[in-house]
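So the structure is just underneath, and the comments pick up after that.
The values are calculated or read from the model by the stated rules, or taken from the named source; none is laboratory data. In this text, all values refer to a predicted model and were calculated from it rather than measured experimentally. Every residue, glycine as well, gets a Cβ built from its backbone with ideal geometry; the counts of neighbours run over all protein chains shown. All accessible areas refer to the heavy atoms of the entire protein, side chains included, with ligands and DNA or RNA removed. Shrake-Rupley method; radii C 1.70, N 1.55, O 1.52, S 1.80 Å.
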Amino acid sequence: MSINYRFPENFWWGSATSATQIEGASEIGGKGKNIWDHWYETEPNRFYNDVGPETTSDFYHHYKEDIQLMKQIGHNTFRLSISWARLMPDGRGEVNEEAVTFYNNVIDELIDNGIEPFVNLFHFDMPMALQDKGGWESREVVEAFAEYAKEAFRLFGDRVSKWFTFNEPIVPVEGGYLYDFHYPNVVDAKRAAQVAYHTAVASAKAVEAYHGSGQQGKIGIILNLTPSYPRSQNPADLRASRIADLFFNRSFLDPSVLGEYPQELVDIITEHGALPATHQGDKELLKANTVDILGVNYYQPRRVKAKENLPNPYGPFLPEWYFDHYEMPGRRMNIYRGWEIYEKGIYDIMMNLKDHYGNIESFISENGMGVQNEDRFLEGGEIQDDYRIDFVREHLKWLHKAIQDGSNAKGYHMWTTMDNWSWSNAYKNRYGFISIDVETKERTLKKSAHWFREVADNNGF
Ligand code: BGP
(Lines give C-alpha, C1' and ligand atoms only; values in the text may rest on other atoms or scores of the structure.)
Protein backbone atom coordinates (compact mmCIF):
# COMPACT_ATOMS: atom_id res chain seq x y z
CA MET A 1 0.00 0.00 0.00
CA SER A 2 1.42 3.36 -0.92
CA ILE A 3 1.40 5.97 1.80
CA ASN A 4 0.39 9.46 0.72
CA TYR A 5 0.18 10.98 4.16
CA ARG A 6 3.01 9.86 6.37
CA PHE A 7 3.11 11.20 9.93
CA PRO A 8 6.22 11.98 11.98
CA GLU A 9 7.93 9.13 13.78
CA ASN A 10 6.48 8.16 17.16
CA PHE A 11 3.20 9.86 16.34
CA TRP A 12 0.58 9.23 19.03
CA TRP A 13 -2.29 7.13 17.71
CA GLY A 14 -5.05 6.52 20.18
CA SER A 15 -8.32 7.64 21.64
CA ALA A 16 -9.75 9.43 24.64
CA THR A 17 -12.31 8.70 27.33
CA SER A 18 -13.48 10.14 30.62
CA ALA A 19 -14.16 8.47 33.95
CA THR A 20 -17.83 9.34 34.41
CA GLN A 21 -18.62 8.35 30.83
CA ILE A 22 -17.16 4.84 30.91
CA GLU A 23 -16.44 3.58 34.41
CA GLY A 24 -19.95 2.89 35.62
CA ALA A 25 -19.74 1.63 39.19
CA SER A 26 -20.82 5.07 40.30
CA GLU A 27 -22.17 3.62 43.53
CA ILE A 28 -19.47 1.08 44.28
CA GLY A 29 -15.77 0.87 44.94
CA GLY A 30 -16.06 3.54 47.61
CA LYS A 31 -16.76 6.33 45.11
CA GLY A 32 -18.32 9.54 46.40
CA LYS A 33 -21.08 11.22 44.43
CA ASN A 34 -20.31 13.79 41.80
CA ILE A 35 -22.58 16.39 40.24
CA TRP A 36 -23.75 13.92 37.58
CA ASP A 37 -24.90 11.34 40.11
CA HIS A 38 -26.70 14.07 41.98
CA TRP A 39 -28.30 15.74 38.99
CA TYR A 40 -29.51 12.41 37.66
CA GLU A 41 -31.02 11.55 41.05
CA THR A 42 -32.89 14.82 41.20
CA GLU A 43 -33.84 15.33 37.54
CA PRO A 44 -33.59 12.07 35.54
CA ASN A 45 -35.78 13.62 32.86
CA ARG A 46 -32.92 15.90 31.84
CA PHE A 47 -31.10 12.84 30.44
CA TYR A 48 -31.82 11.20 27.09
CA ASN A 49 -34.23 8.30 27.67
CA ASP A 50 -33.74 8.89 31.42
CA VAL A 51 -30.43 7.01 31.35
CA GLY A 52 -27.95 8.00 34.06
CA PRO A 53 -24.24 7.63 34.81
CA GLU A 54 -24.59 4.20 36.42
CA THR A 55 -25.37 2.81 32.96
CA THR A 56 -22.10 2.75 31.07
CA SER A 57 -19.82 0.28 29.35
CA ASP A 58 -18.59 -0.64 32.83
CA PHE A 59 -14.91 -0.09 32.15
CA TYR A 60 -14.47 -0.52 35.90
CA HIS A 61 -14.93 -4.24 35.49
CA HIS A 62 -13.95 -4.68 31.82
CA TYR A 63 -10.75 -2.65 31.62
CA LYS A 64 -8.56 -5.66 30.79
CA GLU A 65 -10.72 -6.66 27.85
CA ASP A 66 -10.91 -3.04 26.71
CA ILE A 67 -7.16 -2.59 26.80
CA GLN A 68 -6.77 -5.71 24.64
CA LEU A 69 -9.18 -4.12 22.16
CA MET A 70 -7.21 -0.86 22.20
CA LYS A 71 -4.17 -2.89 21.31
CA GLN A 72 -6.08 -4.40 18.42
CA ILE A 73 -6.96 -0.88 17.24
CA GLY A 74 -3.27 -0.04 17.10
CA HIS A 75 -3.16 2.34 20.05
CA ASN A 76 0.20 3.46 21.35
CA THR A 77 -1.42 6.03 23.67
CA PHE A 78 -4.77 6.36 25.45
CA ARG A 79 -6.38 9.11 27.54
CA LEU A 80 -8.38 8.38 30.62
CA SER A 81 -9.48 10.67 33.39
CA ILE A 82 -9.40 10.07 37.10
CA SER A 83 -12.72 10.46 38.84
CA TRP A 84 -11.96 12.92 41.63
CA ALA A 85 -14.92 11.66 43.63
CA ARG A 86 -13.68 8.08 43.29
CA LEU A 87 -10.16 8.91 44.44
CA MET A 88 -11.31 11.31 47.17
CA PRO A 89 -14.95 10.65 48.00
CA ASP A 90 -15.28 13.90 49.96
CA GLY A 91 -13.21 15.85 47.45
CA ARG A 92 -10.60 16.50 50.13
CA GLY A 93 -8.73 14.51 52.71
CA GLU A 94 -9.02 10.79 52.77
CA VAL A 95 -7.96 8.77 49.73
CA ASN A 96 -10.06 5.77 48.70
CA GLU A 97 -7.73 2.77 48.54
CA GLU A 98 -10.02 0.83 46.19
CA ALA A 99 -9.71 3.66 43.70
CA VAL A 100 -5.94 3.66 44.01
CA THR A 101 -5.92 -0.06 43.25
CA PHE A 102 -8.24 0.41 40.27
CA TYR A 103 -6.25 3.22 38.66
CA ASN A 104 -2.96 1.43 39.39
CA ASN A 105 -4.31 -1.67 37.67
CA VAL A 106 -5.47 0.29 34.63
CA ILE A 107 -2.19 2.19 34.32
CA ASP A 108 -0.10 -0.97 34.72
CA GLU A 109 -2.23 -2.93 32.27
CA LEU A 110 -1.86 -0.16 29.67
CA ILE A 111 1.90 0.00 30.07
CA ASP A 112 2.23 -3.78 29.97
CA ASN A 113 0.43 -3.67 26.62
CA GLY A 114 2.62 -0.97 25.15
CA ILE A 115 0.05 1.82 25.49
CA GLU A 116 1.16 5.03 27.16
CA PRO A 117 -1.46 6.43 29.55
CA PHE A 118 -2.33 10.12 29.25
CA VAL A 119 -4.11 11.07 32.47
CA ASN A 120 -6.55 13.93 32.86
CA LEU A 121 -7.59 15.17 36.29
CA PHE A 122 -10.95 16.78 35.61
CA HIS A 123 -13.52 15.97 32.98
CA PHE A 124 -16.71 17.84 33.99
CA ASP A 125 -17.11 15.77 37.19
CA MET A 126 -17.05 17.91 40.33
CA PRO A 127 -17.42 15.88 43.56
CA MET A 128 -20.80 16.68 45.07
CA ALA A 129 -19.24 17.36 48.48
CA LEU A 130 -17.34 20.25 46.87
CA GLN A 131 -20.22 21.44 44.72
CA ASP A 132 -22.08 21.83 48.02
CA LYS A 133 -19.33 24.22 49.03
CA GLY A 134 -19.86 26.30 45.89
CA GLY A 135 -17.96 24.27 43.29
CA TRP A 136 -15.66 26.38 41.14
CA GLU A 137 -17.19 29.54 42.55
CA SER A 138 -15.36 28.79 45.78
CA ARG A 139 -11.69 29.49 46.36
CA GLU A 140 -11.63 26.57 48.79
CA VAL A 141 -12.33 24.24 45.87
CA VAL A 142 -9.33 25.67 44.01
CA GLU A 143 -7.15 24.63 46.96
CA ALA A 144 -8.86 21.23 47.10
CA PHE A 145 -8.06 20.69 43.42
CA ALA A 146 -4.40 21.51 43.97
CA GLU A 147 -4.28 18.95 46.81
CA TYR A 148 -6.03 16.34 44.68
CA ALA A 149 -3.60 16.96 41.81
CA LYS A 150 -0.60 16.56 44.13
CA GLU A 151 -2.01 13.32 45.45
CA ALA A 152 -2.53 11.99 41.93
CA PHE A 153 1.05 12.88 40.94
CA ARG A 154 2.35 11.19 44.09
CA LEU A 155 0.31 8.03 43.54
CA PHE A 156 0.67 7.56 39.78
CA GLY A 157 3.40 9.93 38.60
CA ASP A 158 6.11 7.27 38.71
CA ARG A 159 4.46 5.67 35.66
CA VAL A 160 2.42 8.48 34.08
CA SER A 161 4.37 11.16 32.27
CA LYS A 162 1.59 12.99 30.40
CA TRP A 163 -0.79 14.82 32.69
CA PHE A 164 -3.67 17.14 31.92
CA THR A 165 -5.31 19.45 34.41
CA PHE A 166 -8.70 19.91 32.69
CA ASN A 167 -10.66 18.75 29.70
CA GLU A 168 -12.60 21.55 27.99
CA PRO A 169 -12.80 23.82 31.04
CA ILE A 170 -15.04 26.28 29.16
CA VAL A 171 -17.79 23.62 28.96
CA PRO A 172 -18.70 23.54 32.68
CA VAL A 173 -18.77 27.36 32.51
CA GLU A 174 -21.11 27.34 29.54
CA GLY A 175 -23.15 24.36 30.69
CA GLY A 176 -23.35 25.08 34.40
CA TYR A 177 -23.42 28.89 34.52
CA LEU A 178 -24.59 30.28 31.15
CA TYR A 179 -26.72 27.94 29.06
CA ASP A 180 -28.24 25.37 31.42
CA PHE A 181 -26.89 22.06 30.18
CA HIS A 182 -24.81 21.05 33.22
CA TYR A 183 -25.53 21.13 36.92
CA PRO A 184 -25.95 23.53 38.78
CA ASN A 185 -27.99 25.06 35.93
CA VAL A 186 -27.24 28.66 36.79
CA VAL A 187 -27.57 31.44 34.20
CA ASP A 188 -25.39 34.27 35.43
CA ALA A 189 -22.41 35.78 33.60
CA LYS A 190 -20.72 37.12 36.72
CA ARG A 191 -20.80 33.73 38.39
CA ALA A 192 -19.66 32.15 35.11
CA ALA A 193 -16.66 34.47 35.02
CA GLN A 194 -15.78 33.51 38.58
CA VAL A 195 -15.98 29.81 37.73
CA ALA A 196 -13.80 30.27 34.63
CA TYR A 197 -11.25 32.30 36.56
CA HIS A 198 -11.01 29.84 39.43
CA THR A 199 -10.61 26.98 36.98
CA ALA A 200 -7.68 28.74 35.32
CA VAL A 201 -6.09 29.42 38.72
CA ALA A 202 -6.66 25.78 39.76
CA SER A 203 -4.99 24.60 36.56
CA ALA A 204 -1.98 26.86 37.19
CA LYS A 205 -1.72 25.54 40.75
CA ALA A 206 -1.67 21.97 39.49
CA VAL A 207 1.00 22.88 36.92
CA GLU A 208 3.02 24.52 39.71
CA ALA A 209 2.65 21.41 41.87
CA TYR A 210 3.72 19.11 39.05
CA HIS A 211 6.75 21.16 38.13
CA GLY A 212 7.70 21.31 41.79
CA SER A 213 7.29 17.57 42.29
CA GLY A 214 10.58 16.64 40.68
CA GLN A 215 8.78 14.31 38.26
CA GLN A 216 10.06 14.35 34.74
CA GLY A 217 6.95 14.24 32.54
CA LYS A 218 4.83 16.97 31.01
CA ILE A 219 1.66 18.64 32.13
CA GLY A 220 -0.88 20.29 29.90
CA ILE A 221 -4.51 21.22 29.45
CA ILE A 222 -7.08 20.06 26.91
CA LEU A 223 -9.11 22.80 25.24
CA ASN A 224 -11.95 22.65 22.77
CA LEU A 225 -10.73 25.22 20.31
CA THR A 226 -13.52 26.24 18.01
CA PRO A 227 -12.34 28.68 15.38
CA SER A 228 -14.71 31.64 15.01
CA TYR A 229 -15.27 32.29 11.33
CA PRO A 230 -16.90 35.61 10.43
CA ARG A 231 -19.69 35.76 7.86
CA SER A 232 -17.71 38.33 5.87
CA GLN A 233 -14.75 40.66 6.08
CA ASN A 234 -17.03 43.53 7.04
CA PRO A 235 -15.58 45.12 10.21
CA ALA A 236 -18.80 44.43 12.12
CA ASP A 237 -18.61 40.71 11.31
CA LEU A 238 -14.90 40.65 12.10
CA ARG A 239 -15.54 42.24 15.47
CA ALA A 240 -18.26 39.67 16.20
CA SER A 241 -15.88 36.80 15.43
CA ARG A 242 -13.04 38.36 17.41
CA ILE A 243 -15.23 38.66 20.49
CA ALA A 244 -16.65 35.14 20.16
CA ASP A 245 -13.05 33.94 19.97
CA LEU A 246 -12.21 35.87 23.14
CA PHE A 247 -15.04 34.30 25.10
CA PHE A 248 -14.82 30.73 23.92
CA ASN A 249 -11.20 30.12 22.93
CA ARG A 250 -8.87 32.73 24.33
CA SER A 251 -10.53 32.75 27.78
CA PHE A 252 -8.53 29.57 28.54
CA LEU A 253 -5.97 29.45 25.76
CA ASP A 254 -4.29 32.71 26.73
CA PRO A 255 -3.96 32.15 30.49
CA SER A 256 -2.94 28.50 29.97
CA VAL A 257 -0.30 29.04 27.29
CA LEU A 258 0.69 32.71 27.59
CA GLY A 259 0.01 33.14 31.30
CA GLU A 260 -2.30 36.15 30.98
CA TYR A 261 -5.80 37.17 29.92
CA PRO A 262 -6.43 39.18 26.74
CA GLN A 263 -7.02 42.81 27.74
CA GLU A 264 -10.06 43.15 25.47
CA LEU A 265 -11.79 40.27 27.26
CA VAL A 266 -11.03 41.83 30.64
CA ASP A 267 -12.44 45.15 29.37
CA ILE A 268 -15.69 43.56 28.19
CA ILE A 269 -16.19 41.65 31.43
CA THR A 270 -15.43 44.83 33.41
CA GLU A 271 -17.93 46.82 31.38
CA HIS A 272 -20.66 44.38 32.41
CA GLY A 273 -19.66 44.40 36.07
CA ALA A 274 -18.81 40.69 35.88
CA LEU A 275 -15.16 40.80 36.88
CA PRO A 276 -14.33 37.87 39.22
CA ALA A 277 -12.83 38.18 42.68
CA THR A 278 -9.09 37.55 42.66
CA HIS A 279 -6.38 36.89 45.22
CA GLN A 280 -3.11 38.68 45.53
CA GLY A 281 -0.44 36.77 43.69
CA ASP A 282 -2.80 35.17 41.15
CA LYS A 283 -1.38 37.16 38.27
CA GLU A 284 2.14 36.00 39.04
CA LEU A 285 0.91 32.43 39.56
CA LEU A 286 -0.71 32.36 36.10
CA LYS A 287 2.32 33.93 34.47
CA ALA A 288 4.77 31.48 36.05
CA ASN A 289 2.81 28.28 35.47
CA THR A 290 1.90 27.89 31.85
CA VAL A 291 1.40 24.43 30.36
CA ASP A 292 4.05 22.28 28.64
CA ILE A 293 1.66 20.71 26.17
CA LEU A 294 -1.76 21.44 24.72
CA GLY A 295 -4.49 18.98 23.79
CA VAL A 296 -6.89 20.28 21.15
CA ASN A 297 -10.43 18.96 20.90
CA TYR A 298 -12.03 19.84 17.61
CA TYR A 299 -15.48 18.93 16.39
CA GLN A 300 -16.95 21.87 14.55
CA PRO A 301 -16.34 25.50 13.64
CA ARG A 302 -18.22 28.45 15.10
CA ARG A 303 -19.63 30.78 12.47
CA VAL A 304 -20.73 34.19 13.57
CA LYS A 305 -21.99 37.50 12.24
CA ALA A 306 -22.68 40.95 13.62
CA LYS A 307 -25.86 41.24 15.68
CA GLU A 308 -29.06 41.64 13.72
CA ASN A 309 -30.73 43.35 16.69
CA LEU A 310 -29.57 45.15 19.77
CA PRO A 311 -29.52 42.90 22.85
CA ASN A 312 -32.37 43.30 25.29
CA PRO A 313 -30.96 45.67 27.94
CA TYR A 314 -33.20 44.06 30.58
CA GLY A 315 -32.12 40.51 29.77
CA PRO A 316 -29.12 38.89 31.46
CA PHE A 317 -25.74 39.67 29.91
CA LEU A 318 -24.45 36.77 27.81
CA PRO A 319 -21.59 36.49 25.29
CA GLU A 320 -24.29 36.56 22.58
CA TRP A 321 -24.70 40.27 23.21
CA TYR A 322 -21.79 40.61 20.80
CA PHE A 323 -22.56 38.24 17.95
CA ASP A 324 -25.22 36.15 16.26
CA HIS A 325 -24.71 32.62 15.07
CA TYR A 326 -24.41 32.32 11.33
CA GLU A 327 -25.51 29.41 9.19
CA MET A 328 -23.22 29.31 6.20
CA PRO A 329 -25.02 28.46 2.95
CA GLY A 330 -23.74 25.19 1.54
CA ARG A 331 -22.22 24.02 4.82
CA ARG A 332 -21.82 20.27 5.28
CA MET A 333 -23.43 18.74 8.31
CA ASN A 334 -23.18 15.75 10.55
CA ILE A 335 -26.96 15.54 10.38
CA TYR A 336 -27.16 13.11 13.28
CA ARG A 337 -25.48 15.42 15.75
CA GLY A 338 -26.41 18.71 14.08
CA TRP A 339 -22.80 19.83 13.86
CA GLU A 340 -21.08 21.31 10.83
CA ILE A 341 -18.20 19.30 9.39
CA TYR A 342 -15.31 21.53 8.40
CA GLU A 343 -12.03 19.65 8.30
CA LYS A 344 -9.86 22.65 7.56
CA GLY A 345 -10.66 23.94 11.05
CA ILE A 346 -7.92 21.64 12.36
CA TYR A 347 -5.38 23.31 10.11
CA ASP A 348 -6.48 26.80 11.09
CA ILE A 349 -6.22 25.97 14.80
CA MET A 350 -2.75 24.53 14.40
CA MET A 351 -1.53 27.53 12.39
CA ASN A 352 -2.94 29.86 15.04
CA LEU A 353 -0.99 27.95 17.70
CA LYS A 354 2.11 28.16 15.57
CA ASP A 355 1.83 31.86 14.85
CA HIS A 356 0.49 33.20 18.14
CA TYR A 357 1.17 30.64 20.85
CA GLY A 358 4.86 29.86 20.43
CA ASN A 359 4.07 26.72 18.44
CA ILE A 360 3.51 24.90 21.71
CA GLU A 361 3.74 21.10 21.56
CA SER A 362 0.21 19.93 20.87
CA PHE A 363 -1.93 17.07 19.61
CA ILE A 364 -5.50 16.46 18.59
CA SER A 365 -6.92 15.12 21.81
CA GLU A 366 -10.52 14.66 20.57
CA ASN A 367 -12.14 14.59 17.16
CA GLY A 368 -14.95 12.33 16.15
CA MET A 369 -18.39 11.77 14.84
CA GLY A 370 -21.48 11.03 16.89
CA VAL A 371 -24.19 9.08 15.10
CA GLN A 372 -27.68 8.33 16.32
CA ASN A 373 -29.25 4.86 15.90
CA GLU A 374 -25.95 3.51 14.67
CA ASP A 375 -27.13 -0.10 14.66
CA ARG A 376 -28.78 0.77 11.32
CA PHE A 377 -25.33 0.26 9.88
CA LEU A 378 -24.86 -3.19 11.35
CA GLU A 379 -23.94 -5.70 8.68
CA GLY A 380 -22.27 -9.06 9.11
CA GLY A 381 -22.02 -8.49 12.85
CA GLU A 382 -20.04 -5.26 12.47
CA ILE A 383 -21.03 -1.58 12.30
CA GLN A 384 -20.01 -0.41 8.82
CA ASP A 385 -19.10 3.12 9.81
CA ASP A 386 -17.60 4.31 6.55
CA TYR A 387 -18.82 7.83 7.37
CA ARG A 388 -16.53 7.80 10.42
CA ILE A 389 -13.57 6.58 8.40
CA ASP A 390 -14.15 9.42 5.90
CA PHE A 391 -14.49 11.92 8.71
CA VAL A 392 -11.23 10.90 10.37
CA ARG A 393 -9.32 10.58 7.10
CA GLU A 394 -10.28 14.06 5.95
CA HIS A 395 -9.34 15.60 9.28
CA LEU A 396 -6.04 13.74 9.30
CA LYS A 397 -5.19 15.16 5.88
CA TRP A 398 -5.47 18.67 7.25
CA LEU A 399 -3.49 17.75 10.34
CA HIS A 400 -0.82 16.32 8.07
CA LYS A 401 -0.72 19.54 6.08
CA ALA A 402 -0.40 21.54 9.31
CA ILE A 403 2.61 19.44 10.29
CA GLN A 404 4.13 19.98 6.84
CA ASP A 405 3.65 23.70 7.41
CA GLY A 406 5.49 23.63 10.72
CA SER A 407 2.90 22.77 13.36
CA ASN A 408 4.24 21.04 16.45
CA ALA A 409 1.44 18.44 16.51
CA LYS A 410 2.48 15.11 17.99
CA GLY A 411 -0.56 12.92 17.72
CA TYR A 412 -4.19 12.22 17.03
CA HIS A 413 -6.71 10.83 19.51
CA MET A 414 -10.21 9.92 18.47
CA TRP A 415 -13.25 10.58 20.55
CA THR A 416 -13.77 7.90 21.63
CA THR A 417 -12.57 4.42 22.43
CA MET A 418 -15.95 2.82 23.05
CA ASP A 419 -19.53 4.08 22.81
CA ASN A 420 -20.13 5.92 26.03
CA TRP A 421 -22.56 7.72 28.27
CA SER A 422 -22.42 11.25 26.96
CA TRP A 423 -23.74 13.47 29.77
CA SER A 424 -27.31 14.56 29.14
CA ASN A 425 -27.23 12.91 25.70
CA ALA A 426 -26.60 9.59 27.47
CA TYR A 427 -26.36 6.90 24.77
CA LYS A 428 -28.07 8.87 22.02
CA ASN A 429 -25.03 9.40 19.81
CA ARG A 430 -22.40 6.73 19.37
CA TYR A 431 -18.79 7.79 18.86
CA GLY A 432 -16.68 4.73 19.62
CA PHE A 433 -14.29 2.53 17.71
CA ILE A 434 -15.90 -0.17 19.81
CA SER A 435 -19.62 -0.68 19.78
CA ILE A 436 -21.26 -1.50 23.10
CA ASP A 437 -24.41 -3.40 23.82
CA VAL A 438 -25.51 -1.38 26.81
CA GLU A 439 -27.54 -4.28 28.21
CA THR A 440 -25.07 -7.14 27.90
CA LYS A 441 -21.88 -5.03 27.84
CA GLU A 442 -20.77 -6.99 24.83
CA ARG A 443 -18.05 -5.22 22.87
CA THR A 444 -17.56 -5.39 19.08
CA LEU A 445 -15.07 -3.53 16.95
CA LYS A 446 -16.52 -1.30 14.25
CA LYS A 447 -15.10 -1.12 10.73
CA SER A 448 -13.33 2.13 11.64
CA ALA A 449 -11.33 0.30 14.31
CA HIS A 450 -9.76 -1.98 11.72
CA TRP A 451 -9.09 0.97 9.44
CA PHE A 452 -7.46 2.93 12.25
CA ARG A 453 -5.27 -0.03 13.13
CA GLU A 454 -3.84 0.00 9.63
CA VAL A 455 -3.25 3.73 9.73
CA ALA A 456 -1.46 3.42 13.06
CA ASP A 457 0.63 0.46 11.87
CA ASN A 458 1.65 2.33 8.72
CA ASN A 459 1.97 5.64 10.54
CA GLY A 460 -0.14 7.12 7.77
CA PHE A 461 -2.38 6.23 4.88
C1 BGP B 1 -16.74 16.66 24.07
C2 BGP B 1 -16.48 16.09 25.47
C3 BGP B 1 -16.76 14.64 25.57
C4 BGP B 1 -17.99 14.17 24.78
C5 BGP B 1 -18.04 14.76 23.36
C6 BGP B 1 -19.31 14.41 22.58
O7 BGP B 1 -17.00 18.00 24.18
O8 BGP B 1 -15.14 16.31 25.90
O9 BGP B 1 -16.85 14.33 26.94
O10 BGP B 1 -19.12 14.41 25.48
O11 BGP B 1 -17.88 16.16 23.44
O12 BGP B 1 -20.44 15.00 23.09
P13 BGP B 1 -21.97 14.86 22.70
O14 BGP B 1 -22.54 13.72 23.41
O15 BGP B 1 -22.58 16.14 23.14
O16 BGP B 1 -22.13 14.68 21.24
Exercise for review: Report the residue count in the range 176-227 for those that are of a type in the set (G, A, S), within 21 Å of the chain's Cα centre (by Cα) and more than 30 Å from G368 (Cα to Cα).
Suggested key: 0
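Listed here are the residues, each with its yes/no results for (1) closer than 21 Å to F166 by Cβ; (2) open to solvent by 10 Å² or more (accessible area, probe 1.4 Å); (3) in contact with a His (Cβ under 9 Å, 6 or more places away or on another chain).
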residue	(1), (2), (3)
A25	no, no, yes
W36	yes, no, yes
Y40	no, yes, no
N49	no, yes, no
E54	no, yes, no
R79	yes, no, yes
G93	no, yes, no
E98	no, yes, no
Check your understanding: away from the ligand (no atom under 15 Å from the Cβ), of a type outside the set (S, T, N, Q), more than 19 Å from L223 (Cβ to Cβ) and modelled with pLDDT of 95 or more, is that true of D437?
Key -> yes
Practice item. Run F124 past the list (1) touching a Ser or Thr at 6+ places or on another chain (Cβ under 6 Å); (2) within 16 Å of the ligand (Cβ to nearest atom) and report the number of the one that doesn't hold. Key: (1)
Practice item. Look through the range 343-375, keep the residues that are away from the ligand (no atom under 16 Å from the Cβ) and hydroxyl-bearing (S, T, Y), and return whichever of them is most open to solvent (accessible area, probe 1.4 Å). Key: Y347
Review point. Got at least one residue in the range 135-142 being crowded, with 17+ Cβ neighbours inside 10 Å and within 16 Å of the chain's Cα centre (by Cα)?
Key: no
Study note, to complete from the structure: Those residues of the range 270-324 that are on the phi > 0 side of the Ramachandran plot and buried (at least 18 other Cβ atoms within 10 Å of the Cβ) come to a total of 0
Check your understanding: How do the strands (runs of 3 or more DSSP E) wholly within the range 394-461 filter down when requiring 2 or more residues that are over 22 Å from M350 (Cβ atoms): which remain?
Key -> 434-436, 443-445
Revision key, fill the gap. Those residues of the range 40-54 that are among the polar types (S, T, N, Q) and under 21 Å from the mean Cα position of the chain (by Cα) come to a total of 0
Review point. If you go through the range 182-208 one residue at a time, how many are of a type outside the set (F, W, Y), open to solvent by 20 Å² or more (accessible area, probe 1.4 Å) and over 22 Å from H272 (Cα atoms)?
Key: 3
Study note, to complete from the structure: When Y179 is run through (1) of a type in the set (S, T, Y); (2) closer than 30 Å to A426 by Cα; (3) buried (at least 19 other Cβ atoms within 10 Å of the Cβ), the failure sits at (3)
Review point. Which pairs do you get when a residue that is over 9 Å from N420 (Cα atoms) and more than 12 Å from the ligand (Cβ to nearest atom), found in the range 15-27, comes within reach of a residue that is open to solvent by 10 Å² or more (accessible area, probe 1.4 Å) and polar (S, T, N, Q), reach meaning Cβ atoms under 9 angstrom, with the pair 6+ apart or on two chains?
Key: G24/T55; S26/T20
Practice item. Determine whether Y183 is within 16 Å of the ligand (Cβ to nearest atom) and over 13 Å from T199 (Cβ atoms). Key: yes
